[in-house]
Amino acid sequence: MYQSRLHLTNGIISVALDALSGEMLEFVRESTADNCLKNHVRRTWSLLDGLLLTDQAPLRFHGPRYRDIRADPSLTPVIETQQLEHSACARIHYPCLLAGTEKLDLAADITIRLNPGDCRTVWTLTLDNRTGFEMDDIAFPSVDGLWLGEEWQDDVLVYPHFAGCRMDNPTDQLASTPRLIHWKWQEYIYEYNVGQATGVRDERGAYVLRLDYSGKASMLWMDLYDSQEGTGMYLTCRNAHLTMKSLRMESFGSEDPGAGLAILHRPGMKNGVWHSDECVLAFHEGDWHWAADEYRSWFSTLIRRDPGHHRPAWFEKSPGLIAHYDFQYQGGGIVHTFRDIPELMREAQQLGFNHLLLAGWHEDGFDFGFPHYRPNPLLGTEQELKDALAACREMGGHVCFYINSRLCNTGFADEQERIRRSAVMRRDGSLHIEKYGADDVSFASLCINDTDWRRSLFNTVHYLTHEIGADGMYLDQLAMANSCKCYHPGHQEHAGNPCAWNQGYEKLIRELQTDYAPEGMALIYEGCNDAFGPYASGQLISEMHCPLHSRMPEVYKYTFPDQILVDMMNPRRHSAMRPEHIARHSTELLHRAFTMGAYLWCYDLYMDNTFQRDPEQYARLQKLVALRRSWLEHYGQGQFTDTVGLDSIPEEVLAKRYLIDRGLLIACASEKGLDGSILVQWDAPAPPECEIMTSQSPEPAQFLCELHVINGISWASVRLPEDELAVVVLRVPS
């Protein structure tokens with residue numbers, strides 16, 4: 001009997017494949033009968049596409065379709081299916097893939113498994129490449145034309161841009177016009193998206209948003225959900241070795257509706273057989289929290305040599321830092337010298353901080369003198385710098401230094417040999433060059449897998465901590481800037497593998513750990529990434545640089561609740577460094593950081609970005625820091641659970657829940673003032689002992705709450721105090 005499509009099911013999910021071409025036609029959640037593949041988009045390819053990197057333009061390869069197979073039967077894939085009572089499996093063998101209509105000496109094998117009782121389908125790919133061209137950006141699995149339920153407009157896409165973002169209606173949003181403004185600060189022209197993220201149109205006509213891992217992608221998962229339907233679809237890659245990959249989100253717009261999701265694999269190899277990691281495409285109930293739980297559960301199974309943590313006890317109790325980039329700026333302007341550092345510490349302590357971060361301290365200044373990491377003689381002597389840090393230690397303070405983890409100024413005559421030896425080299429032999437600030441300044445990006453450069457970074461950190469006296473370091477760009485493929489023939493550590501970027505930075509962090517006591521130094525870096533996060537003190541998530549209405553740092557924090565995220569704060573008034581649309585959200589940024597348990601990064605740049613020129617926000621920050629310090633002193637960091645276990649949160653209130661010793665902590669904030677009550681799920685048999693702290697009264701005080709049973713679940717009803725900030729603690733009686 002003729003079959004145009006082949007069906008597979010495990011009773012939870014069903015899949016239908018085209019019997020001739022192997023294209024996926026259905027991906028159905030059986031309990032709702034909803035096929036999320038609602039548009040078979042013909043401008044892209046189902047399941048698989050990728051690039052072959054030739055000496056000319058890249059070739060996009062893909063599987064054959066009906067017309068191709070009818071014209072050339074040798075392209076016909078062999079499709080085998082096995083349907084058992086509670087499981088199913090499909091295997092698709094493509095003898096040749098195509099680039100347009102050109103047959104390639106490139107074969108593919110795809111396996112799809114539906115395991116018993118599992119909402120996760122497991123996908124693997126093998127490519128046998130005999131073309132002589134390097135394979136890159138292999139999109140697998142690639143699914144397009146997606147939406148959940150009746151309409152695409154009410155779908156939400158959650159994705160790991162930095163710590164996390166959300167996109168409402170990705171079909172329309174990806175294809176929309178970016179809402180961009182430009183902001184000048186000194187020699188810099190910054191670009192900010194004041195809306196949500198958008199895609200960039202490619203040669204297929206798709207509007208693509210791509211996140212590289214490491215780089216803008218902090219994790220390797222995405223989740224599309226529909227809260228009205230109570231359903232979601234999750235895509236991830238079991239990237240056990242945490243290698244360079246990317247996430248692709250795309251849309252062809254509302255005229256050809258539906259979102260597209262894909263994992264982009266980057267083999268970095270030419271001829272030979274390549275096997276993908278397992279990938280998972282799943283349905284689930286509820287929202288993105290299910291996806292985060294699933295990814296965390298898988299990540300915990302990875303066997304990794306644990307070098308310990310850079311988490312000193314003082315850092316665990318610290319509310320944040322004051323950042324001074326105003327020693328020597330890129331243009332040469334000097335605001336502070338080394339002798340000013342103790343006074344800067346005193347000013348920080350008046351706000352409640354005990355941690356300074358110093359940038360522009362080195363020769364030739366910030367965003368210019370990289371990597372001349374020696375004390376700047378225009379600011380004082382090396383001994384004056386040592387004396388200043390010793391004075392800070394006597395005051396109970398802590399100081400860390402900024403260094404850039406990858407940049408070298410191309411204009412330095414004394415760095416030309418380093419650039420020749422250590423810079424990232426592209427396939428064509430050119431160097432990877434980046435620009436920041438002034439038009440006449442450019443930087444070579446140095447390869448972390450070059451032994452000499454990594455040793456230079458190690459020695460710089462050792463010098464600043466062991467000789468100068470710092471007890472912390474900030475490594476700029478480490479996890480924020482995009483990972484780079486490097487083809488430099490002299491870099492033996494990644495010889496034959498241009499995609500070893502992540503592994504090089506992991507080596508650096510491991511090597512640094514060996515130079516310190518077990519608790520390590522205070523190590524912060526720019527960016528956020530699960531490959532490095534377990535080993536750092538804090539990760540700078542820079543939510544200001546996310547599209548204004550997309551940022552959702554809860555995504556990473558909930559996935560990895562024990563890690564500390566660092567986020568930048570901004571005053572409302574005199575915000576020279578950041579644009580007005582950021583300054584208008586000053587209080588919101590403070591409140592979100594507080595309820596998220598973030599480590600506050602507050603600039604103090606004279607006349608450019610300082611809370612000292614904004615008395616109202618200075619007072620607000622001072623109270624918030626006092627409450628945060630009390631929280632940490634009495635209850636510790638806690639384990640972030642977002643809003644799980646909370647209900648009936650008033651509309652104007654931010655509230656986040658934490659697990660602590662013997663109970664729960666709820667951090668609350670509202671710019672209009674707290675009001676109303678929150679329900680907190682309470683599973684213990686005995687009523688809780690309750691304590692509360694506020695920005696007006698930051699020491700714990702006892703209070704009473706009422707217990708209610710609703711639909712068989714016990715809830716504690718917490719009346720919120722009349723204040724802007726509060727910390728509520730419920731504990732099992734001791």
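The values are calculated or read from the model by the stated rules, or taken from the named source; none is laboratory data. As the structure is a computational prediction, the values presented were derived from the model and not from experiment. Every residue, glycine as well, gets a Cβ built from its backbone with ideal geometry; the counts of neighbours run over all protein chains shown.
Could you pull out the residue among Ser297, Ser318 that is farther than 19 Å from Thr124 by Cα and assigned to a loop (DSSP other than H, G, I, E, B)? Exactly one of Ser297, Ser318 is farther than 19 Å from Thr124 by Cα and assigned to a loop (DSSP other than H, G, I, E, B), namely Ser318.
Here Glu588 clears all of (1) of a type outside the set (Ser, Thr, Tyr); (2) within 24 Å of Ala701 (Cβ to Cβ); (3) surrounded by fewer than 16 Cβ atoms within 10 Å (Cβ to Cβ); (4) within 21 Å of the chain's Cα centre (by Cα) except the condition numbered (2).
Look through the range 567-590, keep the residues that are in contact with a helix residue (DSSP H, G or I) (Cβ under 9 Å, 6 or more places away or on another chain) and aliphatic (A, V, I, L, M), and return whichever of them is farthest from Pro518 (Cα to Cα). Restricting to residues being in contact with a helix residue (DSSP H, G or I) (Cβ under 9 Å, 6 or more places away or on another chain) and aliphatic (A, V, I, L, M), the top hit is Ile582.
Scan the range 476-513 for residues that are touching a Leu at 6+ places or on another chain (Cβ under 9 Å), among the hydrophobic types (A, V, I, L, M, F, W, C) and assigned to a helix (DSSP H, G or I) and the total you get is 3.
Out of curiosity, is Gln173 at pLDDT 95 or above, touching a strand residue (DSSP E or B) at 6+ places or on another chain (Cβ under 6 Å) and in a helix (DSSP H, G or I)? Judged against the criteria, Gln173 is a match.
Does Ser4 meet the test of being modelled with pLDDT under 95 and surrounded by fewer than 17 Cβ atoms within 10 Å (Cβ to Cβ)? Yes; evaluated as a whole, the condition is true for this residue. Within the range 465-475, take every residue that is in contact with a Cys (Cβ under 8 Å, 6 or more places away or on another chain) and not in a loop (DSSP other than H, G, I, E, B) and give me the one that is surrounded by the fewest Cβ atoms within 10 Å (Cβ to Cβ). In this case the residue turns out to be Met473. If you go through the range 167-201 and keep only what is free of Cβ contacts under 8 Å to residues at least 24 places away in the same chain and under 30 Å from Gln503 (Cα atoms), you end up with just Val200.
Filtering Glu347, Glu384 for residues that are surrounded by fewer than 24 Cβ atoms within 10 Å (Cβ to Cβ), free of Cβ contacts under 8 Å to residues at least 60 places away in the same chain and not in a loop (DSSP other than H, G, I, E, B) leaves a single hit, Glu384.
For the range 176-213, which residues satisfy the criterion of being β-branched (Val, Ile, Thr), in a loop (DSSP other than H, G, I, E, B) and surrounded by 14 or more Cβ atoms within 10 Å (Cβ to Cβ)?
Answer for the range 176-213, where residues must be β-branched (Val, Ile, Thr), in a loop (DSSP other than H, G, I, E, B) and surrounded by 14 or more Cβ atoms within 10 Å (Cβ to Cβ): Val194, Thr198.
Taken residue by residue, the range 325-341 has no member that is surrounded by 15 or more Cβ atoms within 10 Å (Cβ to Cβ), within 18 Å of Tyr474 (Cα to Cα), under 24 Å from the mean Cα position of the chain (by Cα) and at pLDDT 95 or above. If you check Gly145, Gly164 for being touching a helix residue (DSSP H, G or I) at 6+ places or on another chain (Cβ under 6 Å) and either surrounded by 16 or more Cβ atoms within 10 Å (Cβ to Cβ) or at positive phi (or both), only one passes: Gly164. Taking the numbered list (1) surrounded by 21 or more Cβ atoms within 10 Å (Cβ to Cβ); (2) more than 30 Å from Leu664 (Cβ to Cβ); (3) modelled with pLDDT of 95 or more; (4) of a type outside the set (A, V, I, L, M) in turn, Ser575 passes all entries but (3). For the range 244-255, does any single residue satisfy the condition of being under 23 Å from Phe560 (Cβ atoms), surrounded by 19 or more Cβ atoms within 10 Å (Cβ to Cβ), in contact (Cβ under 8 Å) with a residue 40 or more places away in the chain and out of contact with any Leu (no Cβ under 7 Å at 6 or more places or on another chain)? Taking every residue of the range 244-255 in turn, at least one turns out to be under 23 Å from Phe560 (Cβ atoms), surrounded by 19 or more Cβ atoms within 10 Å (Cβ to Cβ), in contact (Cβ under 8 Å) with a residue 40 or more places away in the chain and out of contact with any Leu (no Cβ under 7 Å at 6 or more places or on another chain). Listed by position, the strands (runs of 3 or more DSSP E) inside the range 47-166 whose residues that are without any contact (Cβ under 8 Å) to a residue 24 or more places away in the chain and of a type outside the set (Ser, Thr, Tyr) number at least 1 are 78-83, 88-94, 106-114.
Which of the residues that make up the range 102-114 are surrounded by fewer than 21 Cβ atoms within 10 Å (Cβ to Cβ) and in contact with a strand residue (DSSP E or B) (Cβ under 7 Å, 6 or more places away or on another chain)? Let's see the steps before the verdict.
Initially, the range 102-114 is screened for residues surrounded by fewer than 21 Cβ atoms within 10 Å (Cβ to Cβ), giving 102-105, 107, 109, 111, 113.
Leu104, Ala107, Asp109, Thr111, Arg113 - these are the residues of the range 102-114 that are surrounded by fewer than 21 Cβ atoms within 10 Å (Cβ to Cβ) and in contact with a strand residue (DSSP E or B) (Cβ under 7 Å, 6 or more places away or on another chain).
Only a single item in (1) of a type in the set (Gly, Ala, Ser); (2) modelled with pLDDT under 95; (3) under 23 Å from Thr243 (Cα atoms) is not met by Ser276, and it is number (2).
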